[in-house]
1. Using beta carbons and a limit of 6 Å, which pairs, at least six apart or on different chains, have the first residue in the range 137-157 and farther than 19 Å from residue 114 by Cα and the second one in a loop (DSSP other than H, G, I, E, B)?
2. Quick check on residue 31: is it at pLDDT 85 or above, under 26 Å from residue 125 (Cβ atoms), surrounded by 15 or more Cβ atoms within 10 Å (Cβ to Cβ) and not assigned by TED's automatic domain parsing to the domain that holds residue 124?
3. Looking at the range 39-53, can you tell me whether even one residue there is buried (at least 17 other Cβ atoms within 10 Å of the Cβ), in contact with a helix residue (DSSP H, G or I) (Cβ under 8 Å, 6 or more places away or on another chain), farther than 16 Å from residue 155 by Cβ and at pLDDT 85 or above?
4. Which residue out of 144, 125, 104 is closer than 19 Å to residue 18 by Cβ and outside the structural domain of residue 19 (by TED's automatic domain parsing)?
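The values are calculated or read from the model by the stated rules, or taken from the named source; none is laboratory data. Keep in mind the model is a prediction, meaning the values are calculated, not measured. Positions of Cβ are generated from backbone atoms using ideal geometry, with glycine treated the same way; all protein chains shown enter the neighbour counts.
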């Protein structure tokens, strides 16, 4: 039996997180944030489903050259000095998912919430802010939607 394929971000994928050059749909961008070189394709597809990403989201990211199978030249691991610690990776993932949700679901009404997210300096501070963001999303969308969003966020950083 063949081992499952593990994907990692390429240099272009790491750049896309900051530049947003490809203007990815929110669920696809969130999936890109969660590609870490440790989750196999089965896990990424499950995460994609919970994020409501298209079924071909992984293929889209690979076609754009933003991710590649681990071990290929394109997905060469980052140099040791630039690999974020697990705590930093958790912070990056959490702040990315929270910021994306504020932009997508709150728009301009979420400006102050976005500023609060940006002032957080650790994953623990972001987790303390998570109930406020969830409440704002519940007010803008629905309580059920907000609860599901929070469940997805918590599972992504677990």
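1. none
2. Answer is yes for this residue.
3. no
4. 104
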